[in-house]
Amino acid sequence: MFADRAKIMVSSGKGGDGHVSFRREKYVPAGGPDGGDGGDGGSVWLEVDEGLNTLADYRHKRKYKAESGENGKMRRMAGRKGRDLILKVPEGTVVREAESGRVITDMSGDNRRFLLLSGGKGGNGNMHYATSTMQAPKYAQPGQPARTIELQLELKLIADVGLVGLPNAGKSTLLTASSNARPEIGNYPFTTLTPMLGVVDLGDMQSFVMSDIPGLIEGAAEGAGLGHEFLAHIERTRLLIHVVDAAGSEGRDPADDIDIINRELKEYQVDLSRRPQIIAANKLDLLDDETAEMALELLRDHCAPMGVEVVPISAATGKGVRELLFKAYNMLQEIPVQTGVFEQEYDPETEIFQESAPYTVTYDEKAREYVVEGPRIERMLGYTNLETEKGFMFFQKFLRDNGIIDALKREGCTEGDTVRLYGHSFEYYD
Ligand SMILES: Nc1nc2c(ncn2[C@@H]2O[C@H](COP(=O)(O)OP(=O)(O)OP(=O)(O)O)[C@@H](O)[C@H]2O)c(=O)[nH]1
Ligand SMILES: [Mg+2]
């Protein structure tokens with residue numbers, strides 16, 4: 001099977017909580033706060049593993065989680081950091097956010113390792129919260145929560161060469177004659193139902209991967225005959241071998257057949273129609289030498305303006321096949337490997353953070369006040385003494401660092417307006 005898929009749930013590790021404790025020493029009746037920090041939670045990475053060529057493992061196990069950070073301890077001892085989780089995937093795995101289908105990353109080319117979710121930060125222990133006015137803070141910061149995302153993994157095996165052509169042109173026969181693959185061959189259209197790959201080994205370490213897809217028909221670019229699915233498979237190939245029944249054995253005109261396929265390629269994606277192409281003029285064994293020569297001449301005249309070469313073959317007898325494969329191999333040496341890498345459309349780091357916004361800013365019409373609420377605000381107010389200058393400065397910095405000032409401005413808050421946070425009211429000023 002060509003396209004291989006799996007859906008999995010992945011979570012980063014939660015940050016360890018900061019600890020609340022106080023120093024206990026002989027002769028020191030009330031020691032200062034000595035609660036240590038929580039360890040950071042483990043992150044989740046994606047990594048290309050050369051030895052893998054399927055996503056089968058991910059269909060057996062569905063849930064993956066990085067280790068949580070350890071909580072902080074007394075005597076200023078920090079909790080241990082959670083171990084990272086590394087998800088190994090085969091090269092060519094496209095990773096999407098499952099619900100929206102948006103691409104997070106494409107594990108191909110230079111992209112060997114990708115940070116998917118960073119672990120939750122560990123919380124500060126209460127040792128950080130001692131101030132001159134609050135010498136025994138009973139508060140420590142909780143670790144950041146774990147984050148979870150559902151992923152759709154899809155492996156698009158990367159073939160160097162894609163075989164295209166109408167049904168019955170002889171694509172599968174050519175793949176069989178050239179490689180280790182054993183696709184089905186039949187004397188009726190749509191014999192091939194799913195794409196297939198084969199390794200073409202020319203000896204002397206010269207090899208490439210060739211994919212056979214089911215025949216394309218008129219309207220494929222609009223989706224006819226699963227056209228979209230099949231065309232998507234050849235998007236990443238670097239070179240197309242366009243197989244045509246050059247003998248016109250079914251009473252068709254080979255030149256027309258070539259035009260039909262090229263039109264579909266172009267309508268599906270202009271880029272695909274510009275991909276380097278070789279025309280494999282197939283089934284020439286059905287014609288006597290003289291007629292074959294004429295048929296070939298006609299095809300060459302037809303294709304010359306497109307700058308496309310025509311190579312005579314018989315996939316059935318093998319005649320001309322080796323020459324065709326060497327031509328393909330030589331052309332591949334000139335074509336860069338990177339084609340069609342998927343761009344990122346979804347960044348878990350920012351999107352998941354926004355989903356679980358730590359606060360809300362609203363306007364209370366009645367009281368004519370802006371209201372800021374959220375668990376983090378509440379917690380911060382719990383350990384901040386606003387009566388002290390230091391505490392108040394910390395509070396202002398917190399509002400700025402967490403984007404709350406910007407959020408207030410966005411809501412229309414201006415100088416002189418009142419802002420309310422859990423029973424505290426302030427006059428806003430820039
Ligand atoms: N005489 C002759 N027959 C061939 C040649 N190549 C393929 N055929 C025959 O043409 C028919 C179709 O061949 P396939 O290789 O299945 O064609 P395909 O392009 O894969 O067709 P789909 O999978 O339906 O798209 C089969 O009966 C083959 O034996 C050839 O070079 N000469
Ligand atoms: Mg076939």
(request) Give the long-range amide H neighbours of Phe22: residues separated by 5 or more places, or on another chain, with amide H under 5 Å away, using H modelled in the peptide plane at 1.01 Å from N. (result) Asp34
(message) Quick check: the angle from helix 321-334's long axis to the longest principal axis of the chain, C-alpha only, nearest 10 degrees?
(response) 40 degrees
(message) Can you tell me what share of the DSSP beta bridges in the chain is antiparallel? A percent to the nearest 5 is fine.
(response) 60 percent
(message) Give the lysines reachable from Lys7 as a straight Cα distance under 17 Å; neighbours fewer than 8 places away on the same chain don't count.
(response) Lys61, Lys63, Lys65, Lys88, Lys156
(message) Quick check: the angle from helix 389-401's long axis to the longest principal axis of the chain, C-alpha only, nearest 10 degrees?
(response) 10 degrees
(request) Just order 109-115, 262-268 by mean Cβ neighbour count inside 10 Å, highest at the front, would you? (result) 262-268, 109-115
(request) Run the numbers on the stretch 215-328 and let me know its relative contact order in percent, using alpha-carbon pairs under 8 Å that are six or more apart. (result) 25 percent
(request) Any chance you could run the full-extension gain for Glu365 through Ser249? It's 0.36 nm times the residue separation minus the Cα-Cα distance, nm to one decimal. (result) 33.7 nm
(request) May I ask for the distance between the Cα centers of the stretch 293-318 and the stretch 70-92, given as a whole number of Å? (result) 61 Å
(message) So if I restrict to the alpha-carbon atoms in the stretch 3-156, what is the Rg, and what is Dmax, the biggest pairwise distance, in Å?
(response) 20.7, 72
(message) Suppose a student asked you for the relative contact order of the chain, using Cα pairs under 8 Å spaced at least 6 residues apart; what percent would you report?
(response) 14 percent
(request) Tell me the label-point distance for the pair Asp259, Asp49, using the 7 Å Cα-to-Cβ offset, in nm and rounded to one decimal. (result) 5.2 nm
(request) Could you work out how far the C-alpha centroid of the stretch 224-241 sits from that of the stretch 379-430, in angstrom? (result) 57 Å
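When only DSSP loop residues count, what chymotrypsin sites (Phe, Trp or Tyr not before Pro) in the stretch 125-203 have their Cβ near at most 13 other Cβ atoms within 10 Å? Could the numbers behind the result be given before it?
Numbers: sites: Tyr129, Tyr139, Phe190; in loops: Tyr139, Phe190.
Answer by residue number: Phe190.
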(request) Please work out how much length the chain gains when fully extended from Glu297 to Asn187, using 0.36 nm per residue of separation minus the C-alpha to C-alpha distance, in nm with one decimal. (result) 36.9 nm
(request) Starting from 0 in steps of 5 Å, tell me what percent of the Cα-Cα pairs of the stretch 1-77 lands in each bin. (result) 4, 13, 13, 14, 11, 9, 8, 7, 7, 5, 4, 3, 2, 1, 0
(message) Let me check the size of the stretch 295-339 from its C-alpha atoms; what are the radius of gyration and Dmax in Å?
(response) 12.8, 36
(request) Jot down the radius of gyration and Dmax of the chain, Cα atoms only, both in angstrom. (result) 32.3, 112
(request) With a point put 7 Å past each Cα toward its Cβ, work out how far Thr414 is from Phe392 in nm, to one decimal. (result) 2.5 nm
(message) Quick query: amide H of Phe190 versus all other amide H atoms, modeled in the peptide plane; which residues come in under 5 Å with a sequence gap of 5 or more or a different chain?
(response) Asn168, Gly215
(message) Could you give the length gained by full extension between Asn402 and Glu309, i.e. 0.36 nm per residue of separation minus their alpha carbon distance, to one decimal place?
(response) 27.3 nm
(message) Give me the 1.4 Å probe accessible area per residue for the chain, excluding ligands and nucleic acids, in Å².
(response) 52 Å²
(message) For the ranges 91-98, 173-180, what's the packing order if you count other beta-carbon atoms within 10 Å of each residue, average per peptide, and put the highest first?
(response) 173-180, 91-98
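The values are calculated or read from the model by the stated rules, or taken from the named source; none is laboratory data. Remember, predicted model here, so these are calculated numbers, not experimental data. Please note: Cβ atoms are built from the backbone with ideal geometry, for glycine as well, and neighbour counts cover all protein chains shown. These accessible areas exclude ligands, DNA and RNA; they are computed on the full protein's heavy atoms, side chains included. Shrake-Rupley method; radii C 1.70, N 1.55, O 1.52, S 1.80 Å.
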